[in-house]
Amino acid sequence: MAVLQQAAEWFAVLADPPVADRDQQAWQAWLAADPLHSAAWQRVEAVSRRFHDVHDDTPASAARAALSSARNTRRRTLGMLGGSLGMLLAGGLGLRHFADTAALTTLAIWAAGQRTATGEVREIALADGGRLWLNTASAADIDYSAGLRRIALHAGELLIATAPDPLTPPRPLVVDTRMGRLTALGTRFSVLLDGGACVLTVFEGAVRISPQAGIAEIIHSGHQARFTRHGVAATGAAMRARESWTQGLLLAEDRRLDDFVAELQRHVPVRLEVAAEVAALRLVGVYPLHEPRRDLPRVLGALQASLPVRTHIVDSRHLRIEAR
């Protein structure tokens, strides 16, 4: 049995009270037997987001409910993740590798405490008085502890307006992604996961980017940066499009058509394709998208009115924007 699967099995045993002394001792022996066991245990805890510490004071009913959900749905989860997670659990892959696999990311998304569907934008009140918005098809976890205000973004995009921490001393507020950590320095900012990179846009204050394997940099108000695990690259002025979605608007400021449609695609369940001959056309405008299913025809109509393009219906779930 692969080390990650072993960790998942121990997770199920220990989170289902009462835990027998022999099970507790066996788990401790397994944990101490190999550094990979400890790393796997930490990873399972991180992605499960259901059980933070087997020795904490979590009410028994809550712990039982969390574990029951994890135990009863494990087979369904593995089935959903399919062959990629099966290969992950089969062994032969080091923890450094599987920490970045699509399978583990999918598991974190599935288990996230906050998720939005395609076309949904959600506003969340934070415990410290701040506000958080989740964009379409996004997933995040909010974990405020005694020493840290932590938000983990697993998919999609968020925008956060921070508030002063009511506790003394004030706790840092961070946003963690698989590329690195962002530390708020009294600010309002957005974070977008874009493939193997992350886009930070700062509207107020400043944010420190700490890539997993790179040098930390501070991005100030009015600026935008793109970073990977290995470094940070400034990309210019903050784009208003990275906050306009919180108001149900898609904003194009001299934007390529294919780039705009790629963002529009995130909000609708149908496939949107842009023909190569019109992909580089530039677009300027503000497009309401309060109800994506209702507003999509209006957006496509506006594109046809402002650019030499037409929308071809390939089938009921596939639209192609091409030259007119």
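The values are calculated or read from the model by the stated rules, or taken from the named source; none is laboratory data. Computed from a predicted model, the values in this text were never measured in an experiment. Every residue, glycine among them, receives a Cβ derived from its backbone with ideal geometry; neighbour counts consider all protein chains shown.
Only one of the numbered conditions (1) exposed (fewer than 13 other Cβ atoms within 10 Å of the Cβ); (2) in contact with a Leu (Cβ under 9 Å, 6 or more places away or on another chain); (3) touching a residue at least 24 places away in the same chain (Cβ under 8 Å) is not met by Val278, and that is (1). Restricting the first member to region 130-148 and to residues that are under 17 Å from Ala184 (Cβ atoms) and in contact (Cβ under 8 Å) with a residue 40 or more places away in the chain, and the second to residues that are in a loop (DSSP other than H, G, I, E, B) and not acidic (Asp, Glu), the beta-carbon pairs closer than 7 Å and six or more apart or on different chains are Gly130/Thr162; Gly130/Ala163; Trp133/Val121; Asp141/Arg49; Asp141/Ala112; Asp141/Gly113. For region 149-157, the count of residues that are touching a helix residue (DSSP H, G or I) at 6+ places or on another chain (Cβ under 7 Å), at pLDDT 95 or above and more than 30 Å from Leu36 (Cα to Cα) is zero. If you check Arg242, Arg208 for being in a strand (DSSP E or B) and not acidic (Asp, Glu), only one passes: Arg208. Where residues in region 273-288 are at pLDDT 95 or above and β-branched (Val, Ile, Thr), which of them is farthest from Asp258 (Cα to Cα)? Result: Val278.
Of all residues in region 165-203, how many are assigned to a strand (DSSP E or B) and surrounded by 16 or more Cβ atoms within 10 Å (Cβ to Cβ)? Within region 165-203, residues that are assigned to a strand (DSSP E or B) and surrounded by 16 or more Cβ atoms within 10 Å (Cβ to Cβ) number 22.
Among the numbered conditions (1) aliphatic (A, V, I, L, M); (2) surrounded by 17 or more Cβ atoms within 10 Å (Cβ to Cβ); (3) at pLDDT 90 or above; (4) closer than 25 Å to Glu263 by Cβ, tell me where Ile109 comes up short. Exception for Ile109: condition (3). Looking across region 236-263, the residues that are under 19 Å from Glu217 (Cβ atoms) and either surrounded by 16 or more Cβ atoms within 10 Å (Cβ to Cβ) or touching a Phe, Trp or Tyr at 6+ places or on another chain (Cβ under 8 Å) (or both) come down to Ala238, Met239, Arg242.
For region 105-120, the criterion of being assigned to a strand (DSSP E or B), over 29 Å from Leu296 (Cα atoms) and not acidic (Asp, Glu) is satisfied by no residue at all.
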